[in-house]
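A.B. asks: So that we are looking at the same thing, I have put the structure below in structure tokens.
The values are calculated or read from the model by the stated rules, or taken from the named source; none is laboratory data. Quick caveat, the model's predicted, so the values are computed rather than measured. Please note: Cβ atoms are built from the backbone with ideal geometry, for glycine as well, and neighbour counts cover all protein chains shown.
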Amino acid sequence: MDTKRKPKLAVWKFASCDGCQLSLLDCEDELLDVVGEIEIANFPEASRAVIKGPYDISLVEGSITTPKDAERIHKVRRASKVLITIGACATAGGIQALRNFQDVDKFISIVYASPQYISTLKKSTPISEHVKVDYELRGCPVNKYQLLEVLNAFLNGRQPITPSHSVCMECKQKGVVCVMVAHGTPCLGPVTHAGCGALCPSYARGCFGCFGPKETPNTHSLSEWWQEELGATKDDIIRAFRGINAYAEPFRKESETYELQ
């Protein structure tokens, strides 16, 4: 990158709740250091000031759910040297991807008084299904320290170092008792990316899979164990995998396996 000027950062929103953008603003003490290294050129959540592109780094939050956004993401890609997707919506379609398993037209007719004014796609899809993505950072919301690590890595021309192991490892590191073994509570921790600090298991609740599938997750083995040891039904398994990251491929395939039985 050009050392004579600060790299320009843009933050873009598509279908989402803004939580991942707020993770950047929530950096507090670190935010001043971030601003010292980059120029925040386009970030409506933080400022109305907009500096025209092209941008060295673009952070993209949210999924593609409308024809207009399907066009807009290509404009963002053309204006960005590096494009990083942040959060479950941008990397897996988000909770709104539950529409992908049903008839969207039925939802529209039930929810809206004038459905003829609604312009939407049949599916909620991750950014990577539309344009080239340079890096995906999962989470709902993303871990702010992982976000800082990814920004630091791309600013310095190196690969980001983020965990590939499961939430189970975080439980072990914190000394949290396994909720499945101790309480018989279904938990997605064995197949979910680390990043939350084992938040739910720390309060004796099963992991909901907020950080999406870890690398090479054995989802089928987990499902079988739930059935054999915890008495989980097929409907229990489908509901568990159809949460925040329902359209992430390993979770989607596992839920569809039981839906078709």
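A.B. asks: For segment 199-224: of the residues being free of Cβ contacts under 8 Å to residues at least 24 places away in the same chain and farther than 22 Å from Val142 by Cα, which is nearest to the chain's Cα centre (by Cα)?
C.D. replies: Ranking the qualifying residues of segment 199-224, first place goes to Ser221.
A.B. asks: So, of the residues in segment 126-152 that are hydroxyl-bearing (Ser, Thr, Tyr) and in contact with a strand residue (DSSP E or B) (Cβ under 9 Å, 6 or more places away or on another chain), which turns out to be surrounded by the most Cβ atoms within 10 Å (Cβ to Cβ)?
C.D. replies: The extreme case among them is Tyr135.
A.B. asks: One residue is enough: does segment 86-102 have a residue meeting the conditions in contact (Cβ under 8 Å) with a residue 40 or more places away in the chain, in contact with a Ser or Thr (Cβ under 6 Å, 6 or more places away or on another chain) and farther than 26 Å from Ser255 by Cα?
C.D. replies: no
A.B. asks: If you go through segment 78-86 one residue at a time, do you hit one that is under 20 Å from Leu9 (Cβ atoms) and part of a loop (DSSP other than H, G, I, E, B)?
C.D. replies: Yes: one or more hits.
A.B. asks: Tell me yes or no: at least one residue of segment 40-59 is loosely packed, with under 15 Cβ neighbours inside 10 Å, of a type in the set (D, E, K, R), in a helix (DSSP H, G or I) and modelled with pLDDT under 95.
C.D. replies: No: zero hits.
A.B. asks: I've got another one for you. Among the candidates Thr233, Thr192, Thr185, which residue alone is in contact with a Gly (Cβ under 7 Å, 6 or more places away or on another chain), surrounded by fewer than 21 Cβ atoms within 10 Å (Cβ to Cβ) and at pLDDT 95 or above?
C.D. replies: Thr185
A.B. asks: Given the conditions (1) assigned by TED's automatic domain parsing to the domain that holds Gln21; (2) crowded, with 19+ Cβ neighbours inside 10 Å, which single one is not true for Val179?
C.D. replies: Failed condition: (1).
A.B. asks: Still on this structure, I have one more. Scan (1) in the same structural domain as Leu24 (by TED's automatic domain parsing); (2) within 21 Å of Phe251 (Cα to Cα); (3) over 21 Å from the mean Cα position of the chain (by Cα); (4) not hydroxyl-bearing (Ser, Thr, Tyr) for the single condition Pro115 breaks and write down its number.
C.D. replies: (2)
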